[in-house]
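Colleague: Okay, here's the structure, questions in a sec.
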Amino acid sequence: MSIESFHKASLVHDDIQDNDEFRYGQPTLHNQHGVPTAINVGDYLIGMGYRLISRDIDVVGASAAADMLNMMADAHTRLSEGQGAELVWRDSHNKRLTPAEALKIYALKTAPAFEAALYCGARLAVTVDNYADPLARLARHLGIGFQILKDLQDWRGDDFNKPTLGGDVLGGRPTVLWALALEGLESEERRELEHLVATGEATPAVFAQIRNLFEQAGAFTKALALVEEHRCEAERVADSL
């Protein structure tokens, strides 16, 4: 419940920062009730996340509770660092991005939630000195793979969170697809892509042109290969555990 509270808080705040319209098939909280109320709900959920662990110290033990609270705090700050890196990039004039830089943001922004969940489950059972490092590596591969799949979903659309296509690109978010496209295009096509995104016109014609350039660069195929790479690495670490 603690982990879920932190997760939902991050989604509420992330939706505000990205001005997303939908979450779980419903209008986002800030669209329903306004930004001030949504910020307050997110803050409340963060407080609840810590409280749900601290109130059960007598049950889980002081040492385990302290370790889990420390992990939650560490995951919380790393997630904020990753989101901060994304916001800084979004507001900058230089939109160049390498795949390695995109994956570093993913590792900061998404992996901590997986690591906190895995770590706390293990810590309730045993001391985890011998498991902390492989759990962190497992979480990193899970988090990066999950985020790349989420990027790909942005181009497929669904009735749940992505009723419109290509929102991450026109929203100025540093995705691995964008980085792979810049890496795979010749200079003329790269300038064309940057111009299309800079204009910010969310029309079917613009999306079609951007998709065509992504396909020309092999971005979708390369992204799927990255997902498979991180899936295999995650399985390898899990097997070692």
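The values are calculated or read from the model by the stated rules, or taken from the named source; none is laboratory data. Being a predicted model, the structure only gives us computed values, none of them experimental. Quick reminder, even Gly has a Cβ in these numbers, built from the backbone with ideal geometry, and neighbours come from all protein chains shown. When the accessible area is computed, the model is the full protein with side chains, heavy atoms only, and any ligands, DNA or RNA have been set aside. Shrake-Rupley method; radii C 1.70, N 1.55, O 1.52, S 1.80 Å.
Colleague: Can you give the extra length, in nm with one decimal, that the chain gains between D43 and D74 once fully stretched, where that is 0.36 nm per residue apart less the Cα-Cα distance?
Modeller: 9.5 nm
Colleague: Taking the Cβ-Cβ separation of A125 and R231 as r and a Förster radius of 22 Å, what is the calculated FRET efficiency to the nearest 0.05?
Modeller: Calculated value: 0.30.
Colleague: Note the angle between two axes, namely the Cα long axis of helix 62-91 and the longest principal axis of the Cα atoms of the chain, as a number of degrees from 0 to 90, rounded to the nearest 10.
Modeller: 10
Colleague: Here is a further query. Mind jotting down the three principal axis lengths of region 30-80 based on Cα atoms? Whole angstrom, largest first.
Modeller: Answer, in whole Å and largest first: 41, 23, 10 Å.
Colleague: Can you compute the radius of gyration and Dmax for region 36-135, using only the Cα atoms, both in Å?
Modeller: When restricted to the Cα atoms of region 36-135, Rg and Dmax are 16.5, 52 Å.
Colleague: Using a cut-off of 14 Å between beta-carbons, work out the net charge of the residues near R190 (Lys and Arg +1, Asp and Glu -1, R190 not included).
Modeller: With Lys, Arg at +1 and Asp, Glu at -1, the net is -3.
Colleague: Find which of W89, S10, Y24 sits farthest along the positive direction of the dipole of region 1-124, computed with +1 on the beta-carbon of Lys and Arg, -1 on that of Asp and Glu, about the Cα centre.
Modeller: Checking the options against the dipole of region 1-124, the answer is W89.
Colleague: May I pose another question? Treating the Cα atoms of region 1-95 as identical point scatterers in vacuum, please give the log10 of the normalised Debye intensity I(q)/I(0) at q = 0.13, 0.22, 0.24 Å⁻¹, two decimals.
Modeller: Taken in order of the listed q values, log10 I(q)/I(0) reads -0.54, -1.09, -1.18.
Colleague: List the longest stretch of the chain that has no exposed loop site; here a site is one of the trypsin sites (Lys or Arg not before Pro) assigned by DSSP to anything other than H, G, I, E or B, with at most 14 other Cβ within 10 Å.
Modeller: The segment 157-241 is the longest one with no such site.
Colleague: Given H placed on each backbone N at 1.01 Å, which residues far from F22 in sequence or on other chains put an amide H within less than 5 Å of it?
Modeller: So F22 has HN proximity to T28.
Colleague: Quick check on the chain: helices-only [θ] at 222 nm, where DSSP H runs of length 4 and up contribute -39,500 (n - 2.57) each and the sum goes over total residues. Nearest 500, please.
Modeller: Value at 222 nm, helices only: -24500 deg cm²/dmol.
Colleague: Over region 31-82, give the accessible area per residue in Å² for a 1.4 Å probe, as an integer.
Modeller: Here the residues of region 31-82 average 59 Å² of exposed surface.
Colleague: Okay, next question. On a straight-distance basis, which lysines could pair with K95 in a cross-link, Cα separation under 26 angstrom, same-chain partners fewer than 8 positions away excluded?
Modeller: K104, K109, K150, K162, K222
Colleague: Could you state the angle between the C-alpha long axis of helix 204-216 and the longest principal axis of the C-alpha atoms of the chain, as a value from 0 to 90 degrees rounded to the nearest 10?
Modeller: For helix 204-216, the angle is close to 80 degrees.
Colleague: Within the accessible area of region 45-170, what % is carbon and sulfur when the probe is 1.4 Å and the other protein chains stay in place?
Modeller: Looking at region 45-170 in its full context, I get 58 percent from C and S.
Colleague: Sticking with this structure for a sec: Go ahead and run the numbers for FRET between V35 and A85, Cβ-Cβ distance against an R0 of 25 Å, rounding to 0.05.
Modeller: The value I calculate is 0.65.
Colleague: Still on this model: Taking the chain as the reference, fit the longest principal axis to its C-alpha atoms, fit the long axis of helix 219-240 to the helix C-alpha atoms, and give the angle between the two in degrees, 0 to 90, nearest 10.
Modeller: Value to nearest ten degrees: 20.
Colleague: Also, quick follow-up: Could you give the Stokes-Einstein D for region 166-241 in µm² per second, using the C-alpha Kirkwood radius, 37 °C, 0.692 mPa s?
Modeller: Once the numbers are plugged in, D ends up at 243 µm²/s.
Colleague: Rounded to whole Å, give me the distance from the Cα center of region 192-241 to that of region 1-40.
Modeller: Using only Cα atoms to place each centre, the spacing works out to 25 Å.
Colleague: What FRET efficiency, computed as 1/(1 + (r/R0)^6) with R0 = 30 Å and r the Cβ-Cβ distance, is obtained for R191 and K150, rounded to the nearest 0.05?
Modeller: Approximately 0.60, to the nearest 0.05.
Colleague: Pop out the ³J(HN,Hα) list for region 7-23 in order, Karplus 6.51 cos²θ - 1.76 cosθ + 1.60 with θ = phi - 60°, rounded to Hz; leave Gly and Pro as x.
Modeller: Result, ordered by residue: 4, 5, 4, 5, 5, 4, 5, 5, 4, 5, 5, 8, 6, 6, 8, 10, 8 Hz.
Colleague: Once amide H atoms are built 1.01 Å from N in the peptide plane, which residues 5 or more positions from W155, or in another chain, come under 5 Å H to H?
Modeller: Amide H neighbours of W155: G166.
Colleague: I'd like the per residue volume of the convex hull spanned by the Cα atoms of region 4-47, given in cubic angstrom.
Modeller: 54
Colleague: Something else now. Over all directions, average the projected area of the Cα convex hull of the chain and note it in nm².
Modeller: 13.7
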